[in-house]
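Notes follow once the structure below has been shown.
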Amino acid sequence: MGTFDYLKNFSFLFAGYYIFRSRRLLLISYKTLTTIAIICVIVAVSQEILFLLGKISAPTALIRFGLMRTPSLLGHPNLYGLYIFLVFTIRLFLKRKIDFLNILFLIGIFLSISRFVWISTIFILFVYTMNFGKFFYKFAFLFLFIGFSFFSLPYFLLHTSHELLTQNFFRGYALYKSIEIWNDNKILGVGPGMFGGVVSIIFNSPIYYKYDFSYHWFNFMKNFNSIDQFYPQLLAETGILGFLSFIYILFILFKNPRIIYKKRTRYDFFSNFIYSLSWVPLGLILYLFGSGLNMVAFLIPYFLLLGISIGVVKNAYPTRKQISFSKRWRRH
């Protein structure tokens, strides 16, 4: 509920590996999550159309670039966008093509109008194109990527820097206080649950009083139950040691599934599935620069699918090393 609140979501990785590892369950889970994603996108498109026609209204916080930041069925645009990003990333590297459903998911991601979900998606598309695209597509995407960055980056940096670097905005003020707290507690931080998360708000953490946190912004923070910035919260609560530990966890989540994939002797849906999941942490690293991590609708499916797929692949197919050992054993 502070930084360590996220550990409860990590537990689904072990539940998937030890309890639910089943090919049939993995297929059912994947199809169910994909179906939910399709329904969410259809609802989001309907919400946007109704908004543009003036049939429904939206609070100012949900309007950006003259469009509604659609929450769909998940209640918040960021949560909705991140969930669609998860399904899109898995499906993109699993199918290795941009088909109708992937285009639909891209439309869904666009309608979330979440800047950092957009950035994560563009990055994943860039990685996919560089790895699996033909030369022409690589060149074309690189050209479009550079062009998009040239025209959009100045606006993005101007808007984001204005929001983060001035204390007139909540994120800017929270970032300033996070750095102030971290400066006094560089190695270990002030402790999990002491700043920036829902527990610190519910139990009125003394850290807010100690660092003279604005009463106005504290009340404003109750609307989100967090400072809505993961890395500053992580540094303030756990210091540089906790920050480096978290980066290492993300690296493991990226690297280990790829190691398991490369050691297999068969490459089918299940081994490709675990490979697809390995790319998700790369997008997550970028997303966390602008938002919090306590996104249950994203984390639980991700860790559950990862745990099940690791269990299925590791137990279903022998590695090359195991086959080599078996052959030597039979000779003797």
Subject >> Test: Ile252 is at pLDDT below 90 and either surrounded by 12 or more Cβ atoms within 10 Å (Cβ to Cβ) or at negative phi (or both) >> reply: no
Original post:
If a residue has to be aliphatic (A, V, I, L, M) and either in contact with a Phe, Trp or Tyr (Cβ under 8 Å, 6 or more places away or on another chain) or exposed (fewer than 13 other Cβ atoms within 10 Å of the Cβ) (or both) to count, how many in segment 180-200 make the cut?
Top reply: 3
Original post:
Restricting attention to segment 16-67, which residues are basic (Lys, Arg) and in a loop (DSSP other than H, G, I, E, B)?
Top reply: Arg21, Lys55
**OP:** From the list Leu79, Leu101, Leu94, Leu74, pick out the single residue that is within 22 Å of Asn256 (Cβ to Cβ) and in contact (Cβ under 8 Å) with a residue 40 or more places away in the chain.
**Re:** Leu94
**OP:** Might you let me know whether segment 255-267 holds any residue that is out of contact with any Phe, Trp or Tyr (no Cβ under 8 Å at 6 or more places or on another chain), modelled with pLDDT of 90 or more and either closer than 19 Å to Leu293 by Cα or among the hydroxyl-bearing types (Ser, Thr, Tyr) (or both)?
**Re:** no
Original post:
Which of the residues spanning segment 104-158 are at pLDDT 80 or above and over 15 Å from Leu92 (Cβ atoms)?
Top reply: Phe110, Leu111, Ser112, Ile113, Ser114, Arg115, Phe116, Trp118, Ile119
**OP:** From Leu94, Leu74, grab the single residue that is closer than 25 Å to Tyr30 by Cβ, hydrophobic (A, V, I, L, M, F, W, C) and in a helix (DSSP H, G or I).
**Re:** Leu94
Original post:
If we scan segment 4-15, do we find a residue that is within 22 Å of the chain's Cα centre (by Cα) and more than 28 Å from Gln229 (Cα to Cα)?
Top reply: yes
**OP:** Identify the residue in segment 226-277 that is of a type in the set (Ser, Thr, Tyr) and part of a loop (DSSP other than H, G, I, E, B) and, among all such residues, is nearest to the chain's Cα centre (by Cα).
**Re:** Ser226
Original post:
Can you spot a residue in segment 199-208 that is under 24 Å from Phe126 (Cα atoms) and not hydrophobic (A, V, I, L, M, F, W, C)?
Top reply: no
Original post:
Of the residues that sit in segment 204-236 and are at pLDDT below 85 and surrounded by fewer than 18 Cβ atoms within 10 Å (Cβ to Cβ), which one is farthest from Pro77 (Cα to Cα)?
Top reply: Lys222
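The values are calculated or read from the model by the stated rules, or taken from the named source; none is laboratory data. Bear in mind that the values here come from a model prediction, so they are computed numbers and not experimental data. Methodologically, a virtual Cβ is constructed for each residue, glycine included, from the backbone with ideal geometry; neighbour enumeration extends over all protein chains shown.
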